[in-house]
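Trainee: The structure follows.
The values are calculated or read from the model by the stated rules, or taken from the named source; none is laboratory data. Since the model is a prediction, treat every value here as computed from it, not as a measurement. Cβ placement follows ideal geometry from the backbone for every residue including glycine, while neighbour counts extend to all protein chains displayed. Remember, those area values only see protein heavy atoms, side chains included, never the ligands or the DNA or RNA. Shrake-Rupley method; radii C 1.70, N 1.55, O 1.52, S 1.80 Å.
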Amino acid sequence: SVLGTAAAATAVVTVVDNLNPIVITQDLTVTLDANGVGSITAEGVDNGSTDNCAIDTMVLNTTLFNCSNIGENTVTLTVTDVNGNVTAVTANITVVDEILPIITLNGAATITHNAFTAYTDAGAIADDNCGTLNVIVGGDTVNVNTVGSYVITYDAVDASGNNATQVTRTVTVSDTTAPTAIAQDITVQLDASGNASIVAGDID
């Protein structure tokens, strides 16, 4: 060989990234709104996920929740880096309903009812963000034979234990019917002094 000479050659160097992203999630609580729905985002569930190069996308398999999801739910956060490496990690989502049911009376809150005629409770309706509920009726029992005021209560509790604000109706039983007078003829015998007396019951 001759001193001072050199040779050159080329080589192809392929740089690859085979490292998956490091995914860190956090558990969340979702409170349903007045329509019975709630939502989360991938960014909300992410708790500082990283990658040796860069993260391309973060996707959640579930983002919307409703009344059927009340309680514990598992979601999956899938993170993909710019080189197509993928890692999926789960998180726990607790769905809660904190909205109180609303009770609406059928008819007026205070009514006057005539005595001695049958009384039927007009009732109430309870609406909730997670459906229509049964109304619990309590309080006084209206006695149509006894004049006075009676207070009826209406309550409702939803599946999450939220109690509606109690609603009441006052029923006032009053006697507005005039009595019917029926008289009978009688014969009264005068006494030795020429007098006689009767009482109301004698001719009733």
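Trainee: So what is the relative contact order of the stretch 28-88, in percent, for Cα pairs below 8 Å that sit 6 or more residues apart?
Mentor: Contact order relative to length: 34 percent.
Trainee: Which of the three applies to the stretch 5-121, rounded, prolate or oblate, going by the alpha-carbon gyration tensor with a ≥ b ≥ c and a/c under 1.5 meaning rounded?
Mentor: prolate
Trainee: Give the cysteines in the chain for which no other Cys Cβ lies under 4.7 Å away, or write none if there are none.
Mentor: Singleton cysteines: C53.
Trainee: Moving on. If you build a Gaussian network model of the chain, linking Cα atoms that sit under 10 Å apart, which residue out of T112, T120, T168 swings the most?
Mentor: Of T112, T120, T168, the Gaussian network model singles out T120 as fluctuating most.
Trainee: For the stretch 70-76, what does the Karplus curve 6.51 cos²θ - 1.76 cosθ + 1.60, with θ = phi - 60°, yield as ³J(HN,Hα) per residue in whole Hz, taken in order and with x for Gly and Pro?
Mentor: Running phi through 6.51 cos²θ - 1.76 cosθ + 1.60 with θ = phi - 60° gives 4, x, 8, 9, 10, 10, 10 Hz.
Trainee: When the accessible area of the chain is split by element with a 1.4 Å probe, what percent falls to carbon and sulfur?
Mentor: Whole-percent figure for carbon plus sulfur exposure: 52.
Trainee: Kindly report the accessible area of the chain per residue (heavy atoms of protein chains, probe 1.4 Å, no ligands, DNA or RNA), in Å².
Mentor: Each residue of the chain exposes 64 Å² on average to a 1.4 Å probe.
Trainee: Each residue of the stretch 195-200 in order: what ³J(HN,Hα) in whole Hz does its phi give by Karplus 6.51 cos²θ - 1.76 cosθ + 1.60, θ = phi - 60°, with x for Gly and Pro?
Mentor: Karplus-based 3J(HN,Hα) across the stretch 195-200 equals 10, 8, 9, 9, 10, 4 Hz.
Trainee: Out of [x] 91, 10, 9; [y] 34, 17, 16; [z] 129, 19, 12, which label holds the value of semi-axes √(5λ) of the Cα gyration tensor in Å that was computed here?
Mentor: Working out semi-axes √(5λ) of the Cα gyration tensor in Å from the coordinates points to [x].
Trainee: Run through the stretch 97-204 and list the chymotrypsin sites (Phe, Trp or Tyr not before Pro) located in a DSSP loop whose Cβ has at most 14 other Cβ atoms within 10 Å.
Mentor: Taking the stretch 97-204 and a limit of 14 other Cβ atoms within 10 Å, the loop chymotrypsin sites (Phe, Trp or Tyr not before Pro) found are F116.
Trainee: Further question: Per DSSP helix of 4 or more residues, -39500 (n - 2.57); summed, then divided by the residues of the chain. What does that give at 222 nm, rounded to the nearest 500?
Mentor: Value at 222 nm, helices only: -500 deg cm²/dmol.
Trainee: I would also like to ask the following. Pop out the ³J(HN,Hα) list for the stretch 140-151 in order, Karplus 6.51 cos²θ - 1.76 cosθ + 1.60 with θ = phi - 60°, rounded to Hz; leave Gly and Pro as x.
Mentor: Ordered by residue, 3J(HN,Hα) equals 6, 9, 6, 9, 6, 8, 10, 5, x, 10, 10, 10 Hz.
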